[in-house]
1. I need a count of the residues in the range 1-39 that are aliphatic (A, V, I, L, M), within 18 Å of ILE68 (Cβ to Cβ) and in a strand (DSSP E or B).
2. With the requirement that a residue be in a helix (DSSP H, G or I) and either in contact (Cβ under 8 Å) with a residue 40 or more places away in the chain or within 12 Å of the chain's Cα centre (by Cα) (or both), what does the range 40-68 give you?
3. For the range 14-36, indicate whether the set of residues that are in contact (Cβ under 8 Å) with a residue 24 or more places away in the chain and loosely packed, with under 14 Cβ neighbours inside 10 Å is non-empty.
4. Considering only residues of the range 16-62 that are hydroxyl-bearing (Ser, Thr, Tyr) and in contact with a helix residue (DSSP H, G or I) (Cβ under 8 Å, 6 or more places away or on another chain), which is farthest from MET1 (Cα to Cα)?
Amino acid sequence: MIRIPLPNGLTGEQEQWLAKTIGPRMHYLHNSIGGQGWIAKKEWDPGMVTKKWYLTLEEDKYATFFIIKFS
């Protein structure tokens, strides 16, 4: 399991890629979007006043693909 910070939040293009490549979206809330094998969640950043989006992936190999594609 790996956790990736998303400085601009989860974009529509990123969400579509996750749903197509890893697994379909199962939920959509104001602070959490997720599916089978992935979840993007708005969480408190340690030592910060605001919340920040983080993407958690169950398989590390998808993290490499995600970072290369969206960096």
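1. Residues in the range 1-39 being aliphatic (A, V, I, L, M), within 18 Å of ILE68 (Cβ to Cβ) and in a strand (DSSP E or B): 3 in total.
2. Taking the range 40-68 and keeping what is in a helix (DSSP H, G or I), we get 60-68.
Residues satisfying the conditions are ASP60, TYR62, ALA63, PHE65, PHE66, ILE67.
3. For the range 14-36, residues in contact (Cβ under 8 Å) with a residue 24 or more places away in the chain and loosely packed, with under 14 Cβ neighbours inside 10 Å: present.
4. To start, the set of residues in the range 16-62 that are hydroxyl-bearing (Ser, Thr, Tyr) comprises 21, 28, 32, 50, 54, 56, 62.
Among the residues that remain, those that are also in contact with a helix residue (DSSP H, G or I) (Cβ under 8 Å, 6 or more places away or on another chain) are: 21, 62.
Numbers: THR21: 16, TYR62: 10 Å.
Going through the qualifying residues, I end up with THR21.
Every number in this text was worked out from the coordinates using simple rules, so none of it is lab data. All of these numbers come straight from a predicted model, not from anything done at the bench. Reconstructed Cβ throughout: ideal geometry from the backbone, glycine too, with neighbour counts over all protein chains shown.
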